[in-house]
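Just below is one structure, and these are the notes that go with it.
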Amino acid sequence: MENQPLYSKVYKLNNHGTKQGIIPRFVHQMLDLEEIAFMPIGGLKKSYKYINVAISDFTSFYDLNQEIKIKRNEFYNKLISKEIIETQENGALSIDRTLETNLLENVKAFFIKGRILINNWAKSDVLTDEYFDLKNLLIVNDSNFIKNSNHYLSLDEHRRYEYLLKLIENGRKQFLTRFNNIRARIEHENFQLYYSQIELINDEIKIFEPLLDNTAMYELVDFFYENILNLIEKVMVYYYGINAYLNWNKSMNLFKREEVDFDNQLYEYVIIPNQEIDKMKRLIK
């Protein structure tokens, strides 16, 4: 079961092809890196569970973020055009909030789906060995993260994953803890998201975006979306890159392309011979 072919399943998963970028970035790129990284020790494959458990959450998270952007633009455009606004005799505005109500439900779902994505990725065991296990680093409290990080470092005289542990530590400090706190409030408290404030000033509609955790809400959603996916990608590609560097006795390295073309399978990260290459940045030294 663990070693059955993957490619026949992933190209049309959730109707996502190369144009959207999410499948090439988190499936095709990762499969290529994993295959090369572990080729010298038998082509170890851990991706089957990752594909089946986690990748549907990547596409769902992507789709939801796109839907929030589309609905937000639609709502704002209809406000600006006054299609969903009526001015009453006393000058007060009567606003049809149906679109915004649906939009706020999408924002709540964003945090719930984001947490599911993070959990399923960590539990997929795609990045697990004797010196590193995402389950014990990503979905634990701060004290256990520190304890587990120190434990893994103590096991490995080469400290091969020290950079990965730092990536995760920084991610926890910079956005993951905040994201999880908001998600917990949404799921476990009588939590309320507020509507935009709409005013008519000199016959012009002014829209003031609601705040979430003292930040403009839709900017915060974009911030979390980009940072969650960037952290996942970076941890995965460096895990494969470090293993390639060691398994190939430093003759192979992880590089970052300046020019990316998903349609032609030119992914951003690639493992290739360890030498200077034009328009490529060598990442492991």
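The values are calculated or read from the model by the stated rules, or taken from the named source; none is laboratory data. This is a predicted model, so every value here is computed, not measured. All Cβ positions, even for glycine, are placed from backbone atoms using ideal geometry, and neighbour counts span all protein chains on display. Side chains included, ligands, DNA and RNA excluded: accessible areas come from the protein's heavy atoms. Shrake-Rupley method; radii C 1.70, N 1.55, O 1.52, S 1.80 Å.
Below is a table of values for the structure above.
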quantity	calculated
Looking only at segment 263-284, and only at residues there that are of a type in the set (Lys, Arg) and part of a strand (DSSP E or B), the one that is nearest to ARG160 (Cα to Cα)	ARG282
Among (1) part of a helix (DSSP H, G or I); (2) open to solvent by 70 Å² or more (accessible area, probe 1.4 Å); (3) not hydroxyl-bearing (Ser, Thr, Tyr) - the single one LEU44 does not satisfy	(1)
Condition check for GLN20: farther than 18 Å from SER60 by Cβ and either surrounded by 12 or more Cβ atoms within 10 Å (Cβ to Cβ) or modelled with pLDDT under 50 (or both)	no
Answer residue from segment 92-123, given it is part of a loop (DSSP other than H, G, I, E, B) and without any contact (Cβ under 8 Å) to a residue 60 or more places away in the chain and is surrounded by the most Cβ atoms within 10 Å (Cβ to Cβ) among those	ASP96
Qualifying residue in segment 209-225 (condition: touching a Ser or Thr at 6+ places or on another chain (Cβ under 8 Å) and under 20 Å from ARG97 (Cβ atoms))	yes
Enumeration of residues in segment 185-202 that are hydrophobic (A, V, I, L, M, F, W, C) and either free of Cβ contacts under 8 Å to residues at least 60 places away in the same chain or under 14 Å from PHE111 (Cβ atoms) (or both)	ILE186, PHE191, LEU193, ILE201
Lone unmet requirement of (1) in a helix (DSSP H, G or I); (2) out of contact with any helix residue (DSSP H, G or I) (no Cβ under 9 Å at 6 or more places or on another chain) for LEU220	(2)
Test set (1) of a type outside the set (A, V, I, L, M, F, W, C); (2) free of Cβ contacts under 8 Å to residues at least 40 places away in the same chain; (3) crowded, with 21+ Cβ neighbours inside 10 Å - GLU35 fails condition number	(3)
Meets criteria (in contact with a strand residue (DSSP E or B) (Cβ under 9 Å, 6 or more places away or on another chain), open to solvent by less than 70 Å² (accessible area, probe 1.4 Å), closer than 30 Å to LYS82 by Cβ and acidic (Asp, Glu)) for GLU268	no
Residue list for segment 234-252, restricted to those being in contact with a strand residue (DSSP E or B) (Cβ under 8 Å, 6 or more places away or on another chain), under 21 Å from LYS46 (Cβ atoms) and either assigned to a loop (DSSP other than H, G, I, E, B) or not hydrophobic (A, V, I, L, M, F, W, C) (or both)	TYR238, TYR239, TYR240, GLY241, TYR245
Residue list for segment 47-91, filter: without any contact (Cβ under 8 Å) to a residue 24 or more places away in the chain, in contact with a Ser or Thr (Cβ under 7 Å, 6 or more places away or on another chain) and either within 18 Å of TYR195 (Cα to Cα) or surrounded by 12 or more Cβ atoms within 10 Å (Cβ to Cβ) (or both)	GLU86
TYR238 touching a residue at least 60 places away in the same chain (Cβ under 8 Å), open to solvent by 20 Å² or more (accessible area, probe 1.4 Å) and not small (Gly, Ala, Ser)	yes
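For (1) among the basic types (Lys, Arg); (2) open to solvent by less than 20 Å² (accessible area, probe 1.4 Å), each residue gets a yes or a no:
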residue	(1), (2)
ASN141	no, no
LYS147	yes, no
HIS151	no, no
TYR163	no, no
GLU169	no, no
ILE182	no, yes
HIS188	no, no
GLU219	no, no
